[in-house]
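The values are calculated or read from the model by the stated rules, or taken from the named source; none is laboratory data. Bear in mind the structure is a predicted one, so any value in this text is a computation, not a measurement. Positions of Cβ are backbone-derived with ideal geometry, glycine not excepted, and every protein chain shown enters the neighbour counts. When the accessible area is computed, the model is the full protein with side chains, heavy atoms only, and any ligands, DNA or RNA have been set aside. Shrake-Rupley method; radii C 1.70, N 1.55, O 1.52, S 1.80 Å.
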Amino acid sequence: MRFDLELLDFVECDKEFNKIAVSGSDKDLTWNEFKNEVENFKTKLLEFNLPKGHPVVIYGHKEASFIVSAVACMSLGFPYIPVDTIYPQERLNKIVNVVNSAVVINTIEDKIDFNIEKVSTEYFYEDPIIYIIFTSGSTGEPKGVQITRDSILDFAKWLEKDFNFNSNNIFMNQAPFSFDLSVYELMGFLLFGGTIVLNSREIIETHLEYIERLKKYSCNTWVSTPSFITRFLLSSEFTTQNLENLTTFLFCGEVLTSMTAKRILNNFPNSKVLNTYGPTEATVATTIVDITPEIIEKYSKNLPVGFVKENTTINLLDIDSENIGEMEIVGDNVSIGYFKNEELNKQKFESKYEKRSFRTGDFGYFEDGMLFFANRKDELIKLHGFRIELGEIDKEFTSNKAVIESITIPLKRGSEVMKLITFIITKDEIEINELKEEISKTLPYYMIPSDIIKLDKFPYNNNHKIDKNELINIYKKL
Ligand code: AMP
């Protein structure tokens, strides 16, 4: 069985009714049970008489009912807004107020809050919105990225063609539903009739349990940010001998370093490591590449983020002398804009083309037909006039076998970079001075960080990307 987004209903495509559709943090549901739960939930939602297009907030974590609620909303034409419990109540309230949602589903307490005064009839869209994901804005105010059915259908075509997703995929989920990385496995299992295995925060924090679940459900497709996998790569249990079904590793959201890719291929020699790139505003991702040993060897300094998907173009704006420009995405996968934010929509989404477009604020360049991520617009580093690629410094650090992870960040006063600080996690005892001396042999003096700080672990934000602001706080407290 699978869910068809054009019909907005389940369709039977095989006789494997006992196959698991969703393994939640609370319970497992076979495809039959899943379908029944969605139907029952639809009946409950219909009681509120919401107008078509009315947004519904889903607040919860990794319960099976989170997915049940989301699919019921999709099926009835209500955009769903996923808010994970890793966010404080205050953020939930802010979002509920911004979208003026009359219905808030709480999948932890298993209840639905309904406020009849908020029901409005102004919502209607020709191309129905499937979800609205709130991302952090640079002003600190969350922005709601609206993704329509046509964008998801376009995304699904790509998943089938270039990722080869089908009913055999058993996805291991890491990201919370409020982070659009999770849309890979959500649409991946739902539209193709596969299986999704959800993991609560507690399980994610205890690696052994995570590995146990990978094994128990014979997961074959890993989806996470690159920084999430690095800690697993040190575990002797995290190998192909122990997890023979695990054959695909799919990444997005952050730079995938050649060191991490190499370590994965070392532990899982015949696996596929897929690097993908894209902002939430263009439906999860826009480029893909299979990181083979040959690619690692050829582009070890900066791995490609890959080939632009069919039906989408990436233009480089204001190209500099090194052929680096700001990436602009044009295609059906681009969002129709932020929820009720006309001013920002004008800046970011105003299109000169027939199709929708989005200015990413990311810099990149093309080489050998592939896109390479250079840096964020707001992270272009110039120190005393020297242009510096921070990733290059980290690469030097991690080429020392004792260094497991390295992240270099600029300390700024206003917009001026004052100095560079490198945070490292090491395996063995290591002398900082010796390390500094070692990297001085390969890096120019202006790329040697002023301070090198050893940590036991890095702080992460809610999307499991390394939290650079928190690193600066740690530094300031030293
Ligand atoms: P989000 O909207 O939270 O998914 O974040 C999107 C941003 O993450 C992009 O605009 C990039 O700055 C960054 N990003 C996403 N994928 C990659 C990648 N493969 N390599 C480097 N940065 C990435």
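Data table
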| read-out | value |
| --- | --- |
| Where a residue in segment 13-41 is open to solvent by less than 40 Å² (accessible area, probe 1.4 Å) and its partner, wherever it lies, is among the basic types (Lys, Arg), with Cβ under 7 Å and at least six apart | 24/62; 30/19; 31/19 |
| Residue count for segment 257-287, restricted to those that are among the aliphatic types (A, V, I, L, M) and more than 25 Å from residue 405 (Cβ to Cβ) | 2 |
| Lone unmet requirement of (1) at pLDDT below 95; (2) assigned to a loop (DSSP other than H, G, I, E, B) for residue 62 | (1) |
| Residue among 210, 184 that alone is within 16 Å of the ligand (Cβ to nearest atom), open to solvent by less than 10 Å² (accessible area, probe 1.4 Å), within 19 Å of the chain's Cα centre (by Cα) and within 23 Å of residue 67 (Cβ to Cβ) | 184 |
| Residue within segment 226-248 that is modelled with pLDDT under 95 and of a type in the set (Lys, Arg) present | yes |
| Which numbered condition residue 477 fails, given (1) under 27 Å from the mean Cα position of the chain (by Cα); (2) more than 16 Å from residue 230 (Cβ to Cβ) | (1) |
| Segment 366-397, residues that are modelled with pLDDT of 90 or more, on the phi < 0 side of the Ramachandran plot and not in a strand (DSSP E or B) | 397 |
| In segment 267-312, residue nearest to the ligand (Cβ to nearest atom) [restricted to those that are assigned to a loop (DSSP other than H, G, I, E, B) and among the aromatic types (Phe, Trp, Tyr)] | 299 |
| Residues located in segment 220-261, provided they are aliphatic (A, V, I, L, M) and away from the ligand (no atom under 13 Å from the Cβ) | 229, 233, 234, 243, 246, 259 |
| Residue that is modelled with the highest pLDDT, among those in segment 313-335 that are in contact with a Leu (Cβ under 9 Å, 6 or more places away or on another chain) and in a loop (DSSP other than H, G, I, E, B) | 332 |
| Any hit, segment 427-444, residues being within 30 Å of the chain's Cα centre (by Cα) and at positive phi | no |
| Some residue of segment 198-205 being in contact with a Gly (Cβ under 8 Å, 6 or more places away or on another chain) and within 16 Å of the ligand (Cβ to nearest atom) | no |
| Residue under evaluation residue 91, criteria (1) open to solvent by 20 Å² or more (accessible area, probe 1.4 Å); (2) assigned to a helix (DSSP H, G or I); (3) at pLDDT 85 or above, criterion not met | (3) |
| Selected residue [charged (D, E, K, R), at pLDDT below 95 and closer than 28 Å to residue 397 by Cβ] from 342, 254 | 254 |
| Residue list for segment 429-478, filter: within 16 Å of the ligand (Cβ to nearest atom), in a helix (DSSP H, G or I) and touching a residue at least 60 places away in the same chain (Cβ under 8 Å) | 468 |
| Selection from segment 101-114 of residues that are open to solvent by 60 Å² or more (accessible area, probe 1.4 Å) and assigned to a loop (DSSP other than H, G, I, E, B) | 108, 109, 110 |
| Verdict on residue 134 being part of a strand (DSSP E or B), under 30 Å from residue 214 (Cα atoms) and modelled with pLDDT under 95 | yes |
| Residue selected from segment 141-165 under the condition out of contact with any helix residue (DSSP H, G or I) (no Cβ under 9 Å at 6 or more places or on another chain) and within 16 Å of the ligand (Cβ to nearest atom), by the criterion nearest to residue 77 (Cα to Cα) | 146 |
| Residue in segment 378-390 that is open to solvent by 40 Å² or more (accessible area, probe 1.4 Å), under 30 Å from residue 428 (Cα atoms) and over 22 Å from the mean Cα position of the chain (by Cα) present | yes |
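The rows are residues; the columns are (1) touching a residue at least 40 places away in the same chain (Cβ under 8 Å); (2) open to solvent by 20 Å² or more (accessible area, probe 1.4 Å); (3) more than 15 Å from the ligand (Cβ to nearest atom).
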| site | (1), (2), (3) |
| --- | --- |
| 335 | yes, no, no |
| 352 | no, yes, yes |
| 355 | no, yes, yes |
| 359 | yes, yes, no |
